[in-house]
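Colleague: Structure incoming, see below.
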Amino acid sequence: MSAGSSRDPTASAAGTAVPREIQTAPPDDSGKLGRPIVLGFSQLGSESDWRRANTKSIQEAAAEAGMTLTLENAEQSQEKQIEAIRSFIKSKVDVIAFAPVIQSGWEPILKEAKQAGIPVILTDRAVDVQDSSLYVTFIGSDFYEEGVKAGKYLLDKMRDKPGPVRIVELAGTVGSSPSIDRGQGFRDTIASRPELTIVRSAPADFTFEKGKTVMADFLRKEKEPPQVLFAHNDDMALGAIEAIEEAGLKPGKDIVIISVDGTRKAFEMMAKGKINSVVECNPLLGPMIMQAAKEIMQGRTLPKRIAPPESVFTEEMAAKEVDNRKY
Ligand code: GYE
């Protein structure tokens with residue numbers, strides 16, 4: 001837990017006031033301000049283990065960097081994110097960072113930040129804006145590439161299988177860049193083998209609960225169980241595993257399961273052979289965000305895009321890797 005609080009702002013129940021945490025730490029000497037840099041961070045929610053690890057990484061890195069962090073959790077609401085960003089502008093923070101829940105609709109609030117002269121770091125998910133000067137840098141993964149990696153794993157896994165191969169897809173939050181791009185990268189990659197077809201796809205909001213109910217629904221509606229599940233994140237895959245087992249099927253055997261993130265829980269399932277492959281998506285972005293905020297305050301020029309290194313893991317590697325997982 002970060003300095004200045006013992007409360008997890010991501011743990012509040014939906015429907016309560018927007019949770020806010022203010023964390024301060026002693027000044028360091030890397031900025032030019034002579035006082036701690038004040039960072040306002042709008043987190044989009046707490047839907048998954050990825051997200052909780054991401055929030056923790058930001059809190060820890062801010063404390064470590066000696067910054068004053070105000071973190072607000074928008075609980076999946078773009079409106080609440082816009083409100084939070086507006087409050088950061090009003091209180092004249094030094095830098096704003098945010099993880100946008102969906103891709104569209106950010107231009108007006110980003111213009112407000114620009115007019116106020118407050119630099120914005122975009123992190124985790126991408127936004128759809130014409131004018132890229134509205135943010136300084138984007139720190140986050142290449143989701144399209146993650147979809148491509150998932151597709152390539154499947155092509156290899158099915159290389160000797162004549163087809164048809166029926167795939168179901170659990171997509172993430174509608175309109176979010178990881179869901180749009182993972183879906184597209186996957187489709188573009190498997191298109192080279194037309195007998196691999198996506199027979200059902202539905203959003204399950206990146207959550208365990210929805211992953212379970214939507215998968216149960218797929219299994220009820222399909223006459224024959226599908227051979228493959230592509231889940232846009234681990235939490236949905238873990239929920240789906242429960243639905244598959246409750247339907248009397250063997251996850252990882254009767255249905256090949258591919259997911260994205262690489263959480264410890266997913267690795268444990270992979271070590272048991274219940275998930276076949278996980279494409280890594282790194283949530284530990286805190287140190288990169290703090291570094292970027294410091295460099296911005298020092299007047300330095302940053303690359304427009306900063307991406308963390310990521311791998312793909314398969315069941316063969318899971319047992320060896322599981323203890324190395326940090327989230
Ligand atoms: O994959 C999922 C989370 O935006 C990369 O959001 C993030 C995604 C992540 O809920 O687990």
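Colleague: Take the residues in segment 113-144 that are assigned to a helix (DSSP H, G or I) and under 14 Å from the mean Cα position of the chain (by Cα), then tell me which one is farthest from the ligand (Cβ to nearest atom).
Modeller: Filtering first and then ranking leaves Tyr144.
Colleague: Let me ask something additional. Among the numbered criteria (1) surrounded by fewer than 22 Cβ atoms within 10 Å (Cβ to Cβ); (2) within 20 Å of Arg51 (Cβ to Cβ), which single criterion is violated by Asp254?
Modeller: All conditions are met except number (2).
Colleague: Still on this model: For segment 79-97, does any single residue satisfy the condition of being in a loop (DSSP other than H, G, I, E, B), within 28 Å of Ala171 (Cα to Cα) and either within 13 Å of the ligand (Cβ to nearest atom) or not basic (Lys, Arg) (or both)?
Modeller: No, segment 79-97 contains no residue that is in a loop (DSSP other than H, G, I, E, B), within 28 Å of Ala171 (Cα to Cα) and either within 13 Å of the ligand (Cβ to nearest atom) or not basic (Lys, Arg) (or both).
Colleague: So which residues in segment 30-41 are under 16 Å from Met288 (Cα atoms) and either within 16 Å of the ligand (Cβ to nearest atom) or without any contact (Cβ under 8 Å) to a residue 12 or more places away in the chain (or both)?
Modeller: Phe41, the sole residue that qualifies.
Colleague: Among Arg193, Arg220, Arg200, which is more than 24 Å from Gly45 (Cβ to Cβ), in contact with a strand residue (DSSP E or B) (Cβ under 6 Å, 6 or more places away or on another chain) and at pLDDT 95 or above?
Modeller: Selected residue: Arg200, the only one of Arg193, Arg220, Arg200 that is more than 24 Å from Gly45 (Cβ to Cβ), in contact with a strand residue (DSSP E or B) (Cβ under 6 Å, 6 or more places away or on another chain) and at pLDDT 95 or above.
Colleague: Picking from Asp181, Asp131, Asp205, which residue would you name as being in the same structural domain as Ala293 (by TED's automatic domain parsing) and either over 20 Å from Ala247 (Cα atoms) or among the aliphatic types (A, V, I, L, M) (or both)?
Modeller: Exactly one residue qualifies, and that residue is Asp131.
Colleague: Then there is this: So in segment 51-69, with the set limited to residues that are surrounded by fewer than 22 Cβ atoms within 10 Å (Cβ to Cβ) and among the basic types (Lys, Arg), which one is nearest to the ligand (Cβ to nearest atom)?
Modeller: So the residue we want is Arg52.
Colleague: Just give me the residues in segment 127-159 being under 19 Å from Ser57 (Cα atoms) and small (Gly, Ala, Ser), in sequence order.
Modeller: Gly140, Ser141
Colleague: I'm checking my understanding of the structure. Among residues of segment 290-310 that are exposed (fewer than 14 other Cβ atoms within 10 Å of the Cβ) and among the polar types (S, T, N, Q), which one is nearest to Phe138 (Cα to Cα)?
Modeller: Thr301
Colleague: Among the residues of segment 177-209, what is the count of those that are more than 16 Å from the ligand (Cβ to nearest atom), surrounded by fewer than 23 Cβ atoms within 10 Å (Cβ to Cβ) and closer than 22 Å to Ser141 by Cα?
Modeller: Qualifying residue count, segment 177-209: 3.
Colleague: Residues of segment 219-273 being over 20 Å from the mean Cα position of the chain (by Cα), free of Cβ contacts under 8 Å to residues at least 40 places away in the same chain and closer than 20 Å to Met158 by Cβ, which ones?
Modeller: Pro225, Ile244, Leu249, Lys250, Pro251, Lys253, Asp254, Ile255
The values are calculated or read from the model by the stated rules, or taken from the named source; none is laboratory data. What you are looking at is a predicted structure, and each value in this text was computed from that prediction instead of being measured. Cβ coordinates were reconstructed from backbone atoms using ideal geometry, including for glycine residues, and neighbour counts include every protein chain displayed.
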